Amino acid sequence: MFKKILIANRGEIACRVIKTARKMGIATVAVYSDADKDALHVQMADEAVHIGPAPSAQSYLVIDRIVEACRRTGAEAVHPGYGFLSEKREFQEALAAAGIAFIGPDAHAIFAMGDKIESKKLAKAAGVSSVPGFLGVIKDADEAVSIAREIGYPVMIKASAGGGGKGMRLARTDTEAREGFASATNEARSSFADDRVFIEKYIENPRHIEIQVLGDSHGHVIYLGERECSIQRRHQKVIEEAPSPFLTAAVRAAMGEQAVALAKAVNYKSAGTVEFIVDTERNFYFLEMNTRLQVEHPVTELVTGLDLVEWMIRIAAGEQLTLRQQDVRIRGWALEARVYAEDPFRNFMPSIGRLTRYLPPEESANVRVDTGVYEGGEISMYYDPMIAKLCTFAPVRDLAISHMRRALDEYFIRGLNHNIPFLAALMAHPRFVRGDLTTNFIAEEYPDGFHAEDLPVEDPRLLVGVAAFIHRRHVEREATLSGQMPGHEVKVGSDWVVRFGDQNYPYTIRDIEGGYALEMGGPTVTVLSDWEIGQPFFRGVVNDDNDHQVVVQMDRHGIGYRLFHAGSRADVVVLTPRAAELAALMPVKAPPDMSRFLLSPMPGLLVSLAVEEGQEIKAGEVLAVVEAMKMENILRAERDGTVASIHARPGESLSVDQKIVEFA
């Protein structure tokens, strides 16, 4: 077994690998860029080596620097994590030339499965069910149209070297096929330096289901069940689960056997994933094979009880799999939600900055948190904005969903925006709860983007009850600390009004054992909790007709409170009845008119500015380009006008809503 390994990655996956290596008694080496010098994975590792500037092209993607870090530290093997160099055969070959083990498959398997055209040919030869299509090189748009007609619309045009949704176009007509071929080819060339594309039949209402495989260097390969990954946004996975709520035992076995056949065809060793699309009749078709650890691997670990990273390390060290296919048992249900630093209410724009408060849910038999950040740390503009992978486990799916909803309520993040409201909405969506999933789920359910109105609607008395409880504790303390002479103490009234938005909720409150009772003109609402002032979480039971265990996050906000629950945020103020009457008469301050300005939609770098002062512009004209977290955003004019002044210059770092251009 190895004595020391290097992790050629960063963030949560680097931390994840370090945990398993530590459990196995293996020393670890972290690598880091300028932006990651204080990162959690650097703190956790036994050693750390600086490998270059913040941009990944100058650090995490430089093979020579990783190899040199191994030489300097004596690392015998490298775990690549996912992304970066994990599927670069040149990296595996460079390590092999230096006598360093690669914790993953060999260069042949990486190459064979990395090219989508070649991998589909191999899959077909191995007897793996494939989508009808044309896998040859397409010379021009006319040939693309001819092929699309022969296959039958709709078709998907895909980059051979593609990934992450790049170089993909759906075509339902000749015109769309012609345009899609041109745009997919251009995007493939710019993204992968490889403009080859292929065309295959587009499966309507597809599910994305993948099979986890594990193979050793002795020819033994098994599959570890499936993961349902259909909840995607722009071809990026958002929610994953194991097993799938759709597959039957027979289909699962057939998919698993075909995945194993493909892995054996390339002499695959290590953990890998064979991805399929599945139609409404449970027919399945090979999509691609990922020759690395998947982001969503924790859900497989939770339902199988296996540590995939440990097996990757053992296989790379030459050990044999001790598991037989009949030894694999799927028990219970697991979900994974990807928590990102992004604003779901602003078209999921990345949100960079410092985590001023960070309290993840407590881990238990039902909750797992894989993260690479900590309170006081920063989410950098240079890398993927993932905060954590939040996983829950239970004997059945409904209970796993319930655990996830509670864990999302308990995820306390301040200092930047995050997608927990969106994740909470997905978990509460009736269609998701039913397991009625396709890769079109998000596009169909949120066609105009995600808005506050899309959050689950709950009985307002729940938050009224929590606000009343919190306020009562505050006024009781104020009365105690008032310094009044005996016999002249401040009396705490019993009649109050909770106001949030433009709604008033009057109530009368009285003490009961363990909490308070509220009369609100209907059934008595009782609120029971041991919450104390200063605690960020309110945990308790709100009872109207049924007991309701709740977790509500709480911040002081001016004279009121800001409450977070089930993804929603409520700014509430608790007033006396007279104060509430007067508050209703207060004029509302109109927000400033910012229509004359071009504002940065996200924190990032102003890459270019296409206009100058005094220039006349037309609607749709490019004004500026802002870049952050590998995402380029082109800002265009919404209407005709004239540039009055410039407020930012190329090369400047921008905050969200910072002024860039002012119009006359």
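The values are calculated or read from the model by the stated rules, or taken from the named source; none is laboratory data. This structure is a prediction, so every number in the text was calculated from the model and none was measured. Don't worry about glycine lacking a Cβ; one is built from the backbone with ideal geometry, like all the others, and counts go over all protein chains shown.
Here are the numbers:
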| quantity | calculated |
| --- | --- |
| Single residue of segment 45-63 satisfying the filter (crowded, with 19+ Cβ neighbours inside 10 Å and touching a residue at least 24 places away in the same chain (Cβ under 8 Å)) that is nearest to Phe2 (Cα to Cα) | Ala45 |
| Test: residue in segment 600-613 that is modelled with pLDDT under 90 and assigned to a strand (DSSP E or B) | yes |
| The one condition in (1) assigned to a helix (DSSP H, G or I); (2) at pLDDT 95 or above; (3) under 22 Å from Ala337 (Cβ atoms) that Ala467 fails to fulfil | (3) |
| Set Ala182, Ala109, Ala123: member being assigned to a helix (DSSP H, G or I), of a type outside the set (Asp, Glu) and over 30 Å from Ser217 (Cβ atoms) | Ala182 |
| Those residues of segment 291-320 which are under 19 Å from Ala261 (Cα atoms) and surrounded by fewer than 20 Cβ atoms within 10 Å (Cβ to Cβ), in sequence order | Gln320 |
| Filter result for Pro603 (closer than 30 Å to Asp657 by Cα and in the same structural domain as Asp640 (by TED's automatic domain parsing)) | yes |
| Filtered residues of segment 561-573 (kept if in contact with a Gly (Cβ under 7 Å, 6 or more places away or on another chain) and within 16 Å of Phe538 (Cβ to Cβ)) | Asp571, Val572 |
| Residue that is farthest from Cys229 (Cα to Cα) [pool: residues in segment 240-251 that are surrounded by 20 or more Cβ atoms within 10 Å (Cβ to Cβ) and not small (Gly, Ala, Ser)] | Leu247 |
| Residue in segment 518-527 that is assigned to a loop (DSSP other than H, G, I, E, B), in contact (Cβ under 8 Å) with a residue 24 or more places away in the chain and touching a Lys or Arg at 6+ places or on another chain (Cβ under 6 Å) present | no |
| Some residue of segment 392-401 being more than 17 Å from Asp343 (Cβ to Cβ), under 15 Å from the mean Cα position of the chain (by Cα), small (Gly, Ala, Ser) and at pLDDT 95 or above | no |
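Conditions (1) within 31 Å of the chain's Cα centre (by Cα); (2) without any contact (Cβ under 8 Å) to a residue 12 or more places away in the chain; (3) surrounded by 22 or more Cβ atoms within 10 Å (Cβ to Cβ), marked per residue:
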position: Gly127; (1), (2), (3): no, no, no
position: Ala144; (1), (2), (3): no, no, yes
position: Ile151; (1), (2), (3): no, no, no
position: Ile211; (1), (2), (3): yes, no, yes
position: His218; (1), (2), (3): no, no, no
